[in-house]
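Read through the structure below, which is laid out as structure tokens, and then see the notes.
Values quoted throughout were computed directly from the atomic coordinates according to the rules given, and no laboratory measurement underlies them. Just so you know, these numbers come straight off a predicted model, no measurement behind them. As a convention, Cβ positions derive from the backbone with ideal geometry for all residues, glycine included, and neighbour counts pool all protein chains shown.
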Amino acid sequence: MQTLMSPMSSAPEAIQPVQPIQSASSSVIQRAVALPTRAARTHTAVARALLGGVMLQIFFAGLAIFGVSSFLPHAILGPLIILGSLALPIIAWRGRLDAALHHRSWLVFGLMIVQGLLIDGSRLMPLIGAFHPLNAMLLALLVASMARLTPDR
Ligand code: HEM
């Protein structure tokens with residue numbers, strides 16, 4: 001015991017347990033575990049495509065608001081984005097991705113449904129329609145948070 005301590009130190013914490021030498025195969029396994037799965041990469045790719053679609057949709061709304069076009073491009077792309085967003089929770093579920101990511105994916109799809117319903121509601125009460133752009137911003141933030149690979153996938 002005495003021979004493991006330096007002559008200057010007699011504190012018990014000076015004795016460090018010997019670290020096992022890592023074999024080459026265990027470090028390869030560790031690296032493989034850290035790599036994102038195919039489902040995680042697909043989920044990220046879909047989130048990126050969806051983010052692009054949401055940006056385009058906001059641009060189409062801008063074109064219509066400033067009189068460059070009608071709302072037709074926005075009305076055509078809208079249902080495609082809403083339907084496309086269903087891919088996120090399906091990939092998260094089938095690929096057994098992280099639970100938080102899974103829940104956020106369902107949240108995106110739920111808010112997309114709300115996005116369409118807000119327009120229906122605006123026909124009853126215009127104030128409801130005012131939440132449509134606000135919800136779009138929330139959606140953009142949520143989708144952007146999923147558009148990059150993170151170590152928790
Ligand atoms: C995530 C982004 C968005 C999605 C998925 C979306 C989706 C939709 C959908 C499905 C409709 C109904 C189209 C129809 O009449 O059948 C709609 C209408 C509309 N959206 Fe959006 N929207 C988004 C963002 C925005 C933003 C940012 C604005 C405004 C700044 C906006 C303004 C409008 C307006 C004014 C209408 C009614 C158009 C009309 O009366 O024909 N939208 N949107």
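For a protection proxy built on the mean count of beta-carbon atoms within 10 angstrom, sort 41-52, 123-134 highest first, please.
Those peptides, ordered most packed to least, come out 41-52, 123-134.
So how far, in whole Å, is the C-alpha centre of region 107-121 from the one of region 31-78?
16 Å
Can you put Arg148, Arg104 in order of Cβ neighbours within 10 angstrom, beginning with the fewest?
Arg148, Arg104
Cα-Cα pairs above 22 Å in region 45-148: how many percent?
Roughly 30 percent, rounded to a whole number.
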